[in-house]
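Here the structure is laid out as structure tokens; the discussion comes afterwards.
The values are calculated or read from the model by the stated rules, or taken from the named source; none is laboratory data. Note that this is a predicted model, so its numbers are computed, not measured. Cβ: placed from backbone, ideal geometry, glycine included. Neighbour counts: every protein chain shown. SASA here: full protein model, heavy atoms, side chains in, ligands and nucleic acids out. Shrake-Rupley method; radii C 1.70, N 1.55, O 1.52, S 1.80 Å.
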Amino acid sequence: MKNLLVLCGLSALVILSGCKKSPPTLSLLVWEGYADPSFIQGFEAQCQCKVSAAYMGTSDELVAKLRGGAASNYDVISPSSDVATMLSRSGLVAPLDLAKIPNYTQLSPTLTSRELVRQNGKVYGVPFTWGPNPLLYDTTAFAKAPATWAELWDPKFANKLSLWDDLSTVYMAAQVLGFGKPDPAAIYQLSDGQLDQVKQKLIALKPNIRKLWASAGELTNLFQNHEVIAGMGWPLVTNQLHKSGLPIQEEIPAEGTTGWIDHLMITSSSDHKDLDYQLLNYLASAQAQKQLSDVTGYIPANPQAAALMTAEQRHSLHLDDLDAYQRQIVFWQDVPRRPTYTEIWNEVKASQ
């Protein structure tokens, strides 16, 4: 009888342990590097939860997934400034209670004052980080840094370049054609005639393009394998290549370049709103922002992160000359004719 009681007691313990509630899991759909273990593990330990991240390659991929019914699969997303406004109007993301994000007040007013994620007096996104789409080049293949994007059309670069499979390449060609003068933002308002010129310009560049890249890792590999010597990239790629010892540098050419402000948003369908707010507040902190910059090479939205960096890192992130650096960047914004731009880009890719 005694043995039976012991067995019953053990069975009860097994049953009780099996009923122990597992930690909640937050599902993210974000850009590469935005859920790196170096800082996400700190949040998981602090909040006793798990974070699961999926990565996107373009803003259009993010929107397609959300509109295709996948919004309920994610709690937090990181849209860029080209689609953030549209998402704020879409009903797919929830308006934010900024009182639940105390670190929001630490973020740069230059970012929080923009209208990108504001609708009807409500705020739908927290600025997370920002940066340019610079020209990356292998210093062993260039006697001096390329001064303009237009140099990429030189026949000597046949099959040696890589560009992003994204509308940013359309914007770049528009800048080369001078459509960003005198108003740099005019590249987001191109006419049919201008878009046709952009298409022809990009078709003329195709012999020089070895491959269009879809992820930062893909472009990193192209440089590491010495398949390409230059192309449009992200500071994340530069950061990855520097860590592997490759002589890759980045440049903002004379025409300027486009750039992005990435926001954190909570999906309307998330079942973990309280935990979502804790994540947004955590990622807006100076410490997490510094760690994000360590991983990505992107510029923190929280200026207080600079105090945690070395002088060398602050210089590499242009934090000592931020206003001048920003003037070279035409930040993405809502493009009213985005489907038409996409059609032009698809025609470029399909051309022989």
Which pairs break 27 Å Cα to Cα here: LYS156/LYS243; LYS160/LYS290; LYS160/LYS201; LYS144/LYS201? LYS156/LYS243; LYS160/LYS290
Of the beta bridges DSSP finds with both residues in the chain, what % are antiparallel, to the nearest 5? 55
Please list the non-local residues whose amide H lies under 5 Å from the amide H of VAL123, H modeled 1.01 Å from N, same-chain partners needing a gap of 5 or more. LEU96
Starting from the Cα of SER38, step 7 Å toward the Cβ, then list every residue of segment 296-320 with an amide N under 18 Å from that point. 296-319
Filtered hits (aspartates and glutamates, Cα-Cα < 16 Å from LYS122, offset >= 8 within chain) -> ASP97
In segment 122-175, the trypsin sites (Lys or Arg not before Pro) that fall in loop regions by DSSP, at most 16 other Cβ within 10 Å: LYS144
Quick one: if you stick a label point 7 Å off each Cα along the C-beta vector at SER113 and ALA158, how many nm between them? 5.2
Dipole of the chain, positive direction: furthest Cα of ILE252, GLN328, ILE101, with charges on the beta-carbon: ILE101
Carbon and sulfur atoms: what percent of the 1.4 Å accessible area of segment 139-192 do they account for? 55
Return one number: the angle in degrees, 0 to 90 and rounded to the nearest 10, between the long axis of the Cα atoms of helix 286-296 and the longest principal axis of the Cα atoms of the chain. 50
Can you give the charge dipole size of the chain about its Cα centre, rounded to the nearest 20 debye, using +1 on the beta carbon of Lys and Arg and -1 on the beta carbon of Asp and Glu? 720
Just order 83-93, 187-197, 307-317, 256-266 by mean Cβ neighbour count inside 10 Å, highest at the front, would you? 256-266, 83-93, 187-197, 307-317
Once ligands and nucleic acids are excluded and a 1.4 Å probe is used, how much of LYS100 is accessible, expressed in Å² to the nearest 10? 100
What is the magnitude of the charge dipole of segment 166-289 about its Cα centre, with +1 placed on the Cβ of each Lys and Arg, -1 on the Cβ of each Asp and Glu, and no other charges, expressed in debye to the nearest 20? 420
Could you calculate the contour length gain from GLN224 to ASP196, that is, 0.36 nm times the residue separation minus the distance between their Cα atoms, to one decimal place in nm? 6.6 nm
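Stretched out fully, how many nm does the piece from ALA141 to ASP321 gain, at 0.36 nm a residue minus the Cα gap? Please list the in-between numbers first.
Numbers: separation 180, 0.36 × 180 = 64.80 nm, distance 2.87 nm.
Roughly 61.9 nm would be gained on extension.
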Nearest-10 value in Å² for the accessible area of TRP234, using the 1.4 Å probe: 10
Per residue accessible area of the chain, 1.4 Å probe, in Å²: 45
On C-alpha positions alone, give me the angle between the axis of helix 192-205 and the longest principal axis of the chain, in degrees, nearest 10. 90
